[in-house]
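J.: Let me give you the structure first, and then I'll get to my questions.
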């Protein structure tokens, strides 16, 4: 499906071709910038991600060239600021790179926190099943709020008896803008543990809302859950509001290694916006 979106601005005059993808409901404006023609301001990125006046998305991703690997991914939050590692965004970037013909079934690409491996294990009806390897991690620490773990982005994991009853926006925002986190920001994950899976709801900094899914957030939540609860070993299945994900990893004495995030990445539509 192709869509043409028109916006009027006084200072800008260019057309941007884009593809819209989502990873279990975490949605992104994806743009091929290998020609290095796009230099988008913070305000323009925020407008493109605006759900009322732009295309609408949790973030924007530019695909560029790299001398070190197959491609480079630059991720921007919906507020227009460049973001840290985005797990679902990384999986969507792999699917988009496949659509562009940059990669086949396997890839190594560059993003905010270095090089990452990716694998495409199936494609059907404009949906790719994508595995993304994240960096090795330090063991989580704890404080009065919950468990802290940086999975490429900083996350706080809080366990809840029933996260379906929580006002995630209000509770997450209160913590994110508390004195401990207001400067750097924190992503806040509320986790409910079941017999053979966990449910995760996340308030994301930069988006400043609850998102339907957060890749680095479910990774942090899965690892903390596996350390705390004996029914989980080296793989945890996760239910988010946007769909199912899984995280596998190996626990060593002082760190977590071989971390993989797996789930669907879906093409939604393509279009062109004039700004």
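J.: Students often check this: by mean Cβ neighbours within 10 Å, which of 203-216, 176-189, 66-79 ranks highest, and how do the rest follow?
T.: Highest-to-lowest ranking by the protection proxy: 203-216, 66-79, 176-189.
J.: Distances longer than 35 Å among the Cα atoms of the chain: what percent of all pairs is that?
T.: So the portion of pairs separated by more than 35 Å is 14 percent.
J.: Something else: Where does the chain land at 222 nm, in deg cm²/dmol rounded to the nearest 500, when only DSSP H runs of n ≥ 4 count, each adding -39500 (n - 2.57), divided by all residues?
T.: It lands at -5000 deg cm²/dmol.
J.: Same structure, new question: Among 45-52, 239-246, how do they line up by average Cβ neighbours within 10 Å per residue, starting with the highest?
T.: Top to bottom by mean Cβ count within 10 Å: 239-246, 45-52.
J.: Okay, moving on. Based only on Cα atoms, what mean projected area does the convex hull of region 14-111 have, in nm²?
T.: Over all viewing directions, region 14-111 projects a mean Cα-hull area of 6.1 nm².
J.: Now a separate question. For the chain, what relative contact order do you get, as a whole percent, if you take Cα pairs closer than 8 Å and at least 6 residues apart?
T.: Reported as a whole number, the value is 24 percent.
J.: Per Stokes-Einstein, at 4 °C and 1.567 mPa s, what whole-number D in µm² s⁻¹ belongs to region 137-263, with the Kirkwood radius over Cα pairs as the hydrodynamic radius?
T.: My calculation gives 91 µm²/s for D.
J.: Cβ neighbours within 10 Å, averaged per peptide: list 24-34, 116-126 in order, most packed at the top.
T.: Highest mean packing first, the order is 24-34, 116-126.
J.: Taking Cα atoms, how many degrees apart are the long axis of helix 87-100 and the longest axis of the chain, rounded to 10 and kept between 0 and 90?
T.: That helix lies at roughly 40 degrees to the long axis.
J.: Kindly express, to the nearest 10 degrees and within the range 0 to 90, the angle between helix 215-228's C-alpha long axis and the longest C-alpha principal axis of the chain.
T.: So the helix axis and the longest Cα principal axis differ by about 10 degrees.
J.: How much FRET efficiency would the formula 1/(1 + (r/R0)^6) give for residue 36 and residue 183, where r is the Cβ-Cβ distance and R0 is 35 Å, rounded to 0.05?
T.: Efficiency at R0 = 35 Å is approximately 0.60.
Quick note: the coordinates plus some simple rules give every number you see, no bench work behind them. Computed from a prediction, not measured in an experiment: that's the story for all the values here. Note that each Cβ is placed from the backbone with ideal geometry, even for glycine, and that neighbours are counted across all protein chains shown.
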